[in-house]
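Take a look at the structure below.
The values are calculated or read from the model by the stated rules, or taken from the named source; none is laboratory data. A quick note: this is a predicted structure, and the numbers were derived from the prediction, not measured. Here Cβ is always computed from backbone atoms with ideal geometry, including for glycine, and neighbour counts include all displayed protein chains.
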Amino acid sequence: MTTTDLTTDHSRATADEAHSHGLASTPPNSSRADRDKSFDLDVFPVPSGREEQWRFSAVRDLAPLFVDQPVEGSLAWSIDALPAGVRLTEVSVADARERSVSAPGDRASAIAAAHSGGARALTVAPGSVIEKPITITMHGDGSEARGHLLVEIGANAEVSVVIERTGSATYSEFISVDVGQNAGLNLVLLQTWEDDAVHSGEVHAKLSRDARLRGSVVTLGGKVVRLNTTASLSGVGSSVDLFGLYFADSGQHQEHQLFVDHMVPNCRSRVTYKGALAGASARTVWIGDVLIRKEAEGTDTYELNRNLVLTDGARADSVPNLEIETGLIDGAGHASATGRFDEEQMFYLRSRGISESEARKLVVRGFFADLIQEIGVPEVEKGLMNAIELELDMVEADDE
Amino acid sequence: MSTLVITDLHVSVETPEGTKEILRGVDLTIDSGHVHAIMGPNGSGKSTLAYSIAGHPKYTITSGTVTLDGEDVLEMSVDERAKAGIFLAMQYPVEVPGVSVSNFLRTAKTAIDGEAPKLRTWVKDVKSSMADLRMDSSFAERNVNEGFSGGEKKRHEILQMELLQPKIAILDETDSGLDVDALRIVSEGVNRVKDKTNVGVLLITHYTRILNYITPDFVHVFVDGRVAEQGGPELAERLEAEGYDRYLTKA
Ligand SMILES: Nc1ncnc2c1ncn2[C@@H]1O[C@H](COP(=O)(O)OP(=O)(O)OP(=O)(O)O)[C@@H](O)[C@H]1O
Ligand SMILES: [Mg+2]
């Protein structure tokens, strides 16, 4: 699909269940940048589900994450021996607030920070070029957990970090990502939770001058996953690529909110999220906000969301939103499309001898292939196609 | 040598107003190497016949039989029918986003043959068939039928027929919407496959123009869900001159 500047392509949003619309996700006269940010819980009342940023959310399932109380559990971390130049340290709650690039933007992440018992900081020394991806596995044993993580990449450093969540938990987190001058970070967040996990996360990344962030989010597991990613392009010449891949089956609610804030001149951003849905009550939400501030001349931005609805009853919401405060930009566009893999497509493929399950795989593989190649961590890319095939096998098992 | 036998086929569709019978007792036998042209007015049920043979879920067979070399086709799933050797070139080929033509063709060939084709010869076969059908090689990397023009879609259908080598091919208005050059290219494609594989062809058309390129052995006039008359190529000439009025007033 080639959709040019400032258009929203809804051409494929034909089926009733395949929902896609271009509602602005902020009221016309309030900027996305005006939303509250604070470590103070009183700033964020318990969401009712009517608020702008919660209106598509599975608020009832997320409710435990709004409770202002300490929790007993935690996620168990596994991590390989760290290479030279990389450190993992414990940081007090107070220090963690100081070192975060921003305060939390909603109640769940404010509570995560408040009750994390202190943050963990993954710090990469300036100038370190780390060849091998740093892989952290966070495993839940089914209990409640809160987390605060600081990712700090020193100037001119270069590193890939893969964080995988497994097991089950009712988990909220606040992740602060600080990418220093001319540094490059490839951050991959894999949500391969078991079926009953509930996860709300906020990631706030700040990019300094000439910094590069490639951020990939892969959400396959969990009952409810809600990730809210902000990239603040605060250094001239910085660049961000945000990729997302999600696959929701029956009973899963997956929400990905994004905010790309072009604060200074000559920055570049690309957002590419793709999701597949299968199963009667599968539900996904994508909200992509981009703000080009008055100062951000020479901005080049494009965001895209595509959803593929494989079975009846699934629902994908897709809400792109672009605020532009200066006319002096290189390019700004967005596209959102929700398409159905329908009976006619299935018939066409099967009439050429291709079995039903093979037909589905063919379409889904094709849909995700280019996106998977973008993740840039070969170990993850390899495993991912298999994981998607497994999801599809589960869809079939449900069909029978 | 293969034979497709259609006996007293009755087919209906579900509509909001209730069940509607469209085919009312079709009898037709197609042997390898023969071309049967089916001509008839709009809405007479030609596509319904084609889809019913291929197994489209929209159509309900209420009575009658379809066999291929004695095997019960109606018992088979859609993909089993294709593997048994039935091919339908559709009147309106479907777009399949995200699936490239080359991937689609290879997957279909593998499914039909039960094993992956030898890479070297396969690539060569695809290339030469595409060249014969004047399809630019860039089509291989495009998504199936996505953004294809009407004529390109029809060539792509014949490309599949050439590569999948069915026993019986049903061509539903493959000639509609083609200009003279494209019509010739597509017709030559059909003839080439017929010479090579001795495929039996059921050629659904509104126009005798294509019959100048592909000579039918039999012509059937299809009216109101059944075959109203059959004959040789001369029948097509007469239909061209007289139209279907004769059959319609009788019905
Ligand atoms: N889902 C449906 N609901 C109602 N009527 C249907 C449905 N499907 C097919 N029909 C009707 O069945 C009849 C036969 O349709 P069919 O497409 O087989 O005709 P055709 O001979 O191929 O026509 P054409 O020459 O226009 O391609 C038509 O009257 C059509 O409107
Ligand atoms: Mg028709």
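Of all residues in segment B:96-132, how many are assigned to a loop (DSSP other than H, G, I, E, B) and within 28 Å of B:Leu203 (Cβ to Cβ)? Reasoning before the result, please.
The initial filter retains those residues of segment B:96-132 that are assigned to a loop (DSSP other than H, G, I, E, B), namely B:114-118.
Applying the additional criterion that residues be within 28 Å of B:Leu203 (Cβ to Cβ) yields B:117.
The number of residues fulfilling the criteria is 1.
Which residue pairs have Cβ atoms closer than 6 Å, lie 6 or more positions apart in sequence or on different chains, and pair a first residue in segment B:26-52 that is touching a residue at least 40 places away in the same chain (Cβ under 8 Å) with a second residue that is near ligand 1 (Cβ under 7 Å from one of its atoms) and of a type in the set (Lys, Arg)?
From segment B:26-52, the pairs are B:Ile38/B:Lys46; B:Gly40/B:Lys46.
Return yes when B:Asp245 is of a type in the set (Asp, Glu) and surrounded by 15 or more Cβ atoms within 10 Å (Cβ to Cβ) and no when it is not. Before you say what the answer is, go through the steps one by one.
Values: of a type in the set (Asp, Glu): yes; surrounded by 15 or more Cβ atoms within 10 Å (Cβ to Cβ): no.
Criteria not met by B:Asp245.
Scan segment B:176-192 for residues that are without any contact (Cβ under 8 Å) to a residue 40 or more places away in the chain and either crowded, with 23+ Cβ neighbours inside 10 Å or within 16 Å of ligand 2 (Cβ to nearest atom) (or both) and jot them down.
B:Gly177, B:Leu178, B:Val190
Just to be sure before I move on: is B:Ala140 more than 12 Å from chain A (Cβ to nearest Cβ), away from ligand 2 (no atom under 16 Å from the Cβ) and out of contact with any Ser or Thr (no Cβ under 7 Å at 6 or more places or on another chain) in the structure I sent?
On the way: more than 12 Å from chain A (Cβ to nearest Cβ): yes; away from ligand 2 (no atom under 16 Å from the Cβ): yes; out of contact with any Ser or Thr (no Cβ under 7 Å at 6 or more places or on another chain): no.
Here the answer is no, as B:Ala140 does not meet what is asked.
Residues checked against (1) at pLDDT 95 or above; (2) assigned to a loop (DSSP other than H, G, I, E, B); (3) within 19 Å of A:Ala103 (Cα to Cα):
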| position | (1), (2), (3) |
| --- | --- |
| A:Ala145 | yes, no, no |
| A:Ile175 | yes, no, yes |
| A:Asp178 | yes, no, yes |
| A:Leu189 | yes, no, no |
| A:Gly201 | yes, no, yes |
| A:Ser216 | yes, no, no |
| A:Gly222 | yes, yes, no |
| A:Ser232 | yes, no, yes |
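With respect to the numbered conditions (1) under 19 Å from the mean Cα position of the chain (by Cα); (2) within 16 Å of ligand 2 (Cβ to nearest atom), which one is the sole condition not fulfilled by B:Lys20?
(1)
For every residue, the table says whether it meets (1) surrounded by fewer than 20 Cβ atoms within 10 Å (Cβ to Cβ); (2) at pLDDT 90 or above; (3) small (Gly, Ala, Ser); (4) under 21 Å from the mean Cα position of the chain (by Cα).
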| site | (1), (2), (3), (4) |
| --- | --- |
| A:Thr338 | no, yes, no, yes |
| A:Met346 | no, yes, no, no |
| A:Arg350 | no, yes, no, no |
| A:Ser355 | yes, yes, yes, no |
| A:Leu362 | no, yes, no, no |
| A:Asp370 | yes, no, no, yes |
| A:Glu374 | yes, yes, no, yes |
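Mind checking which strands (runs of 3 or more DSSP E) fall wholly inside segment B:1-69 and carry at least 3 residues that are away from ligand 1 (no atom under 16 Å from the Cβ), surrounded by fewer than 21 Cβ atoms within 10 Å (Cβ to Cβ) and away from chain A (no Cβ under 14 Å)?
Values: elements: B:3-15, B:18-31, B:35-39, B:59-68.
Where strands (runs of 3 or more DSSP E) fall fully within segment B:1-69 and carry at least 3 residues being away from ligand 1 (no atom under 16 Å from the Cβ), surrounded by fewer than 21 Cβ atoms within 10 Å (Cβ to Cβ) and away from chain A (no Cβ under 14 Å), they are B:3-15, B:18-31, B:59-68.
Report, by residue number, each residue of segment A:292-305 that is touching a Lys or Arg at 6+ places or on another chain (Cβ under 8 Å), buried (at least 24 other Cβ atoms within 10 Å of the Cβ) and over 20 Å from A:Phe341 (Cβ atoms).
Selection gives A:Thr299, A:Thr301, A:Glu303.
Can you tell me which condition B:Met135 does not meet? The list is (1) among the aliphatic types (A, V, I, L, M); (2) part of a helix (DSSP H, G or I); (3) modelled with pLDDT of 95 or more; (4) surrounded by fewer than 22 Cβ atoms within 10 Å (Cβ to Cβ), and all the others hold.
Condition (2) is where B:Met135 drops out.
Taking segment B:193-242 only, how many residues are assigned to a helix (DSSP H, G or I) and either charged (D, E, K, R) or surrounded by 15 or more Cβ atoms within 10 Å (Cβ to Cβ) (or both)?
First, pick out the residues of segment B:193-242 that are assigned to a helix (DSSP H, G or I): B:193-197, B:208-212, B:233-242.
Keeping just the survivors that are either charged (D, E, K, R) or surrounded by 15 or more Cβ atoms within 10 Å (Cβ to Cβ) (or both) gives B:193-197, B:208-211, B:233-240, B:242.
The number of residues fulfilling the criteria is 18.
If you check B:Ala84 against the conditions, is it of a type in the set (Gly, Ala, Ser), within 14 Å of chain A (Cβ to nearest Cβ) and touching a helix residue (DSSP H, G or I) at 6+ places or on another chain (Cβ under 8 Å)?
Details: of a type in the set (Gly, Ala, Ser): yes; within 14 Å of chain A (Cβ to nearest Cβ): yes; touching a helix residue (DSSP H, G or I) at 6+ places or on another chain (Cβ under 8 Å): no.
So B:Ala84 does not fit the description; no.
Within the group B:Ile168, B:Ile204, B:Ile210, which residue is touching a residue at least 12 places away in the same chain (Cβ under 8 Å), within 16 Å of ligand 1 (Cβ to nearest atom) and more than 18 Å from B:Ser44 (Cα to Cα)?
Values: B:Ile168 fails: within 16 Å of ligand 1 (Cβ to nearest atom); B:Ile204 fails: more than 18 Å from B:Ser44 (Cα to Cα).
Among B:Ile168, B:Ile204, B:Ile210, only B:Ile210 is touching a residue at least 12 places away in the same chain (Cβ under 8 Å), within 16 Å of ligand 1 (Cβ to nearest atom) and more than 18 Å from B:Ser44 (Cα to Cα).
Name the single residue that is nearest to ligand 1 (Cβ to nearest atom) among those in segment B:70-95 being part of a strand (DSSP E or B) and surrounded by fewer than 24 Cβ atoms within 10 Å (Cβ to Cβ). Don't jump to the end; show me each part of the working.
From segment B:70-95, those part of a strand (DSSP E or B) are B:71-72, B:86-89; that's our starting set.
Imposing the further condition that a residue be surrounded by fewer than 24 Cβ atoms within 10 Å (Cβ to Cβ) reduces the set to B:71-72.
On the way: B:Glu71: 25, B:Asp72: 23 Å.
Result: B:Asp72.
Would you check which residues across segment B:171-197 are acidic (Asp, Glu) and more than 16 Å from ligand 1 (Cβ to nearest atom) and list them? Before the answer, list the steps.
To start, the set of residues in segment B:171-197 that are acidic (Asp, Glu) comprises B:172-173, B:175, B:179, B:181, B:188, B:195.
B:Asp179, B:Asp181, B:Glu188, B:Asp195, listed by residue number.
Checking the conditions here, which among B:Lys58, B:Lys83 is touching a residue at least 40 places away in the same chain (Cβ under 8 Å) and basic (Lys, Arg)? Step through it out loud before you land on a result.
On the way: B:Lys83 fails: touching a residue at least 40 places away in the same chain (Cβ under 8 Å).
Selected residue: B:Lys58, the only one of B:Lys58, B:Lys83 that is touching a residue at least 40 places away in the same chain (Cβ under 8 Å) and basic (Lys, Arg).
Would it be correct to say that B:Gly18 is at pLDDT 95 or above and over 22 Å from B:Leu248 (Cα atoms)? Explain how you work it out, then say what you get.
Numbers: at pLDDT 95 or above: no; over 22 Å from B:Leu248 (Cα atoms): yes.
No.
For segment B:98-127, which positions are over 23 Å from the mean Cα position of the chain (by Cα) and within 14 Å of another protein chain (Cβ to nearest Cβ)?
B:Gly98, B:Glu115, B:Ala116, B:Pro117 - these are the residues of segment B:98-127 that are over 23 Å from the mean Cα position of the chain (by Cα) and within 14 Å of another protein chain (Cβ to nearest Cβ).
Looking only at residues that are within 16 Å of ligand 2 (Cβ to nearest atom) and in contact with a Pro (Cβ under 9 Å, 6 or more places away or on another chain) in segment B:193-229, which one is nearest to the other protein chains (Cβ to nearest Cβ)?
Start the filter on segment B:193-229 by keeping residues that are within 16 Å of ligand 2 (Cβ to nearest atom), which leaves B:202-207, B:210, B:220-227.
When the remaining residues are screened for being in contact with a Pro (Cβ under 9 Å, 6 or more places away or on another chain), the result is B:203, B:206, B:222-224.
On the way: B:Leu203: 18, B:His206: 23, B:Phe222: 21, B:Val223: 27, B:Asp224: 26 Å.
My answer is B:Leu203.
Which members of segment B:138-183 meet the condition of being more than 20 Å from B:Thr215 (Cβ to Cβ) and polar (S, T, N, Q)?
B:Ser138, B:Asn143, B:Asn145, B:Ser149, B:Gln160, B:Gln165
Quick check on segment B:139-181: of everything there that is part of a helix (DSSP H, G or I) and β-branched (Val, Ile, Thr), which residue is modelled with the highest pLDDT? Steps first, please.
First pass over segment B:139-181, keeping only residues part of a helix (DSSP H, G or I): B:139-141, B:150-164, B:180-181.
Within this subset, residues satisfying the condition of being β-branched (Val, Ile, Thr) are B:158, B:180.
Working: B:Ile158: 97, B:Val180: 92.
Checking each candidate, the answer is B:Ile158.
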